[in-house]
Amino acid sequence: MSKLYDGPVIDPHHHLWDLSLGRHPWLAPQPGKEHSLGDLTGLRRNYLIEDYLLDSAGQNVVATVHVEAAWSEEDCLGETRWLEALDKRRGVASRYVAHVPLDSPEAPALIATQASFARVVGIRDILSWHRNPALTFAERSDLMDDSAWRRGLARLAEHDLVFDLMIFAGQLGDALRLAQAFPNQLFVLNHCGSPIDRDADSMAAWRAGVKALGSAENVAIKISGLTGYDPHWTLESLRPLILHCIESFSPRRSMLASDFPVTGLHAGFAESYEVYRAVAAELSAGEQRALFFETAKRVYKIPVEN
């Protein structure tokens, strides 16, 4: 067993928002509506760079990737412009995964405009669909097969943009077919494929789906959010899931992420990274550095030296 990792950390997945702008409708109170993340009360506050720095203190985070936070659909460029105005001197939001609705007729122009910002290195268009309407994010279950959506996806390679793949576990097979259909597109699976259904059959299907998707060399994985699907989580309940993701994708295509402030509903920042360090201690020093730093640096083209 190696020692606990104490090197530089890149956090490849977190969010920021200023609720006074009125651009995050999903965070507005919606009485009677269930959300897959649970009670969102704890997220209904501004979360800015200083808040992230306070949460991440002591973790040696040297750079981060901001992932689109469901800014108003009709103004996806507005989030990027807002991020551009923030102070980047501490490395927070040094790169962005922006949003474009890929099935939109305007997708090619929106992608080109997003790519014109040097910090935009990827696009996310959330595909998470669940048979329970209260849990689903996407309006359709078949968006990955839609011809218009695929035409939009095909434009990302022209701009050397990653596609962040947010799905539920039941869509892992569809994701593999998508990755095979676009072998020159780099995909990054978010939140371990979101294993929200916890019965034995569903978890077995999740394990098989993750392993199969990991066989696609053009897919990487972000390990995050697992505490949100395991309300009574412990280190020992999370360890086998984290190791399964790493073994399926290899450290070279795996990265550890905070997903703050969303993960803060279920675990503290330090708690999350204590789990990561404890699990990763089973690996070599080089493998640990890949998980905490090198994979994210390479995938998201982050110009930081450590």
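The values are calculated or read from the model by the stated rules, or taken from the named source; none is laboratory data. Fair warning: this is a prediction, and the values are worked out from it, not measured in the lab. Please note: Cβ atoms are built from the backbone with ideal geometry, for glycine as well, and neighbour counts cover all protein chains shown.
How many residues are crowded, with 22+ Cβ neighbours inside 10 Å and more than 15 Å from Leu226 (Cβ to Cβ) if we restrict to region 250-270?
1
Being more than 29 Å from Leu48 (Cβ to Cβ) and of a type in the set (Ser, Thr, Tyr) is the filter here, so list the residues in region 255-291 that pass it.
Hit for region 255-291 is Ser284, nothing else.
Quick one: which residue in Gly91, Gly173, Gly78 is under 30 Å from Gln59 (Cα atoms), surrounded by fewer than 20 Cβ atoms within 10 Å (Cβ to Cβ) and of a type outside the set (A, V, I, L, M, F, W, C)?
Of the residues listed, the single one that is under 30 Å from Gln59 (Cα atoms), surrounded by fewer than 20 Cβ atoms within 10 Å (Cβ to Cβ) and of a type outside the set (A, V, I, L, M, F, W, C) is Gly91.
For region 223-238, what are the residues that are outside any loop (DSSP other than H, G, I, E, B) and touching a residue at least 12 places away in the same chain (Cβ under 8 Å)?
Across region 223-238, the qualifying residues are Ile223, Leu226, Thr227, Gly228, Tyr229, Leu235, Leu238.
Going by the conditions given, is Leu213 of a type outside the set (D, E, K, R), farther than 30 Å from Arg81 by Cα, buried (at least 21 other Cβ atoms within 10 Å of the Cβ) and modelled with pLDDT of 95 or more?
When the stated conditions are applied, Leu213 passes them.
Considering each residue of region 106-117, count those that are of a type in the set (S, T, N, Q), outside any loop (DSSP other than H, G, I, E, B) and out of contact with any strand residue (DSSP E or B) (no Cβ under 6 Å at 6 or more places or on another chain), and give that number.
1
Do we find a residue being in a helix (DSSP H, G or I), touching a strand residue (DSSP E or B) at 6+ places or on another chain (Cβ under 7 Å) and buried (at least 19 other Cβ atoms within 10 Å of the Cβ) anywhere in region 145-154?
Within region 145-154, one or more residues are in a helix (DSSP H, G or I), touching a strand residue (DSSP E or B) at 6+ places or on another chain (Cβ under 7 Å) and buried (at least 19 other Cβ atoms within 10 Å of the Cβ).
Out of the residues in region 49-74 meeting the condition of being modelled with pLDDT under 95 and over 27 Å from Asp230 (Cα atoms), tell me which one is surrounded by the fewest Cβ atoms within 10 Å (Cβ to Cβ).
So the residue we want is Glu74.
Report whether or not Phe187 is touching a helix residue (DSSP H, G or I) at 6+ places or on another chain (Cβ under 9 Å) and without any contact (Cβ under 8 Å) to a residue 40 or more places away in the chain.
yes
Where the second residue is of a type in the set (Phe, Trp, Tyr) and at pLDDT below 95 and the first is assigned to a helix (DSSP H, G or I) and lies in region 163-182, which pairs have Cβ atoms under 7 Å and are six or more apart or on separate chains?
Within 7 Å, the pairs are Gln171/Trp129.
Among the residues of region 121-140 satisfying the criterion of being within 20 Å of the chain's Cα centre (by Cα) and small (Gly, Ala, Ser), which is modelled with the highest pLDDT?
In this case the residue turns out to be Gly122.
Looking at region 190-202, which of the residues that are assigned to a helix (DSSP H, G or I) and touching a residue at least 40 places away in the same chain (Cβ under 8 Å) is farthest from His14 (Cα to Cα)?
Cys192
Could you pull out the residue among Ala216, Ala205, Ala212, Ala220 that is aliphatic (A, V, I, L, M) and part of a loop (DSSP other than H, G, I, E, B)?
Testing whether each residue is aliphatic (A, V, I, L, M) and part of a loop (DSSP other than H, G, I, E, B) leaves just Ala216.
Is region 40-48 home to any residue that is farther than 27 Å from Leu226 by Cβ, touching a strand residue (DSSP E or B) at 6+ places or on another chain (Cβ under 8 Å) and modelled with pLDDT of 95 or more?
Within region 40-48, none of the residues are farther than 27 Å from Leu226 by Cβ, touching a strand residue (DSSP E or B) at 6+ places or on another chain (Cβ under 8 Å) and modelled with pLDDT of 95 or more.
Scanning region 94-136 for residues that are among the hydroxyl-bearing types (Ser, Thr, Tyr) and more than 24 Å from Ile167 (Cβ to Cβ), which turns out surrounded by the fewest Cβ atoms within 10 Å (Cβ to Cβ)?
Among them, the one singled out is Ser116.
What single numbered condition from (1) touching a residue at least 60 places away in the same chain (Cβ under 8 Å); (2) out of contact with any helix residue (DSSP H, G or I) (no Cβ under 8 Å at 6 or more places or on another chain); (3) not in a helix (DSSP H, G or I) fails to hold for Glu282?
Result: Glu282 passes all but (2).
So in region 233-263, with the set limited to residues that are more than 14 Å from the chain's Cα centre (by Cα) and acidic (Asp, Glu), which one is nearest to Lys297 (Cα to Cα)?
Once the filter is applied, the top-ranked residue is Glu247.
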